[in-house]
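Each remark here refers to the structure printed beneath this line.
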Amino acid sequence: QVQLVESGGGLVQAGGSLRLSCAASVSPFKINVMGWYRQAPGKQRDMVATFESDGTTTYANSVKGRFTISRGNAENSVSLQMNSLKPEDTAVYYCNAVVSIRSTNGIYTASNYWGQGTQVTVSS
């Protein structure tokens, strides 16, 4: 069973900070990548930051230098520290995990799983 639980969203003034956390339960599967995506009303869901199992991180240009994704304290968890928040950061933020699943014939398939989303609102 795969389950992703997010926390940390809320309302903050421009220039403030929030920290999002995501805990994934994927046993017995393996997580290749965890990340955060966001979707504003009427807009496409876009990648914010990703964290690969080898520690490689990737950021959207719009958040680079302001957001930091890191491994959480618990296994299969990830955090997103968001500083210098801007109104355009307002969106529902979704935790994502890419999970490798091995079938009985030995073939691995990567599947995406999503959290329920947490609202981040940045006021002007």
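The values are calculated or read from the model by the stated rules, or taken from the named source; none is laboratory data. This structure is a prediction, so every number in the text was calculated from the model and none was measured. Here the Cβ is made from the backbone with ideal geometry for all residues, glycine too, and neighbour counts use every protein chain on show. These area figures cover heavy atoms from the full protein model, side chains too; ligands, DNA and RNA do not enter into them. Shrake-Rupley method; radii C 1.70, N 1.55, O 1.52, S 1.80 Å.
Quick notes on this structure:
- In this structure the chain gives 55 Å² per residue of accessible area when probed at 1.4 Å with all protein chains present.
- The Cβ shell under 13 Å around Leu18 holds other residues with a net charge of +2, Lys and Arg each +1, Asp and Glu each -1.
- DSSP beta bridges fully contained in the chain are about 90 percent antiparallel.
- By accessible area, using a 1.4 Å probe on protein heavy atoms only, the chain has 47% of its surface on carbon and sulfur.
- Mean Cβ count within 10 Å, highest first, over the residues of peptides 74-87, 57-70: 74-87, 57-70
- Counting every C-alpha pair in region 79-118, the share spaced more than 13 angstrom apart comes to 68%.
- Put simply, the convex hull of the Cα atoms in region 53-124 casts, on average, a shadow of 6.4 nm².
- Pairwise centroid distance, computed over Cα atoms, of region 100-124 with region 21-39, Å: 6
- Taking a Cβ cut-off of under 15 Å around Asn83, the surrounding Lys, Arg, Asp and Glu residues balance to a net charge of +2, with basic ones at +1 and acidic ones at -1.
- When the alpha carbon coordinates of the chain are projected onto the principal axes, the ranges are 54, 29, 23 Å, largest first.
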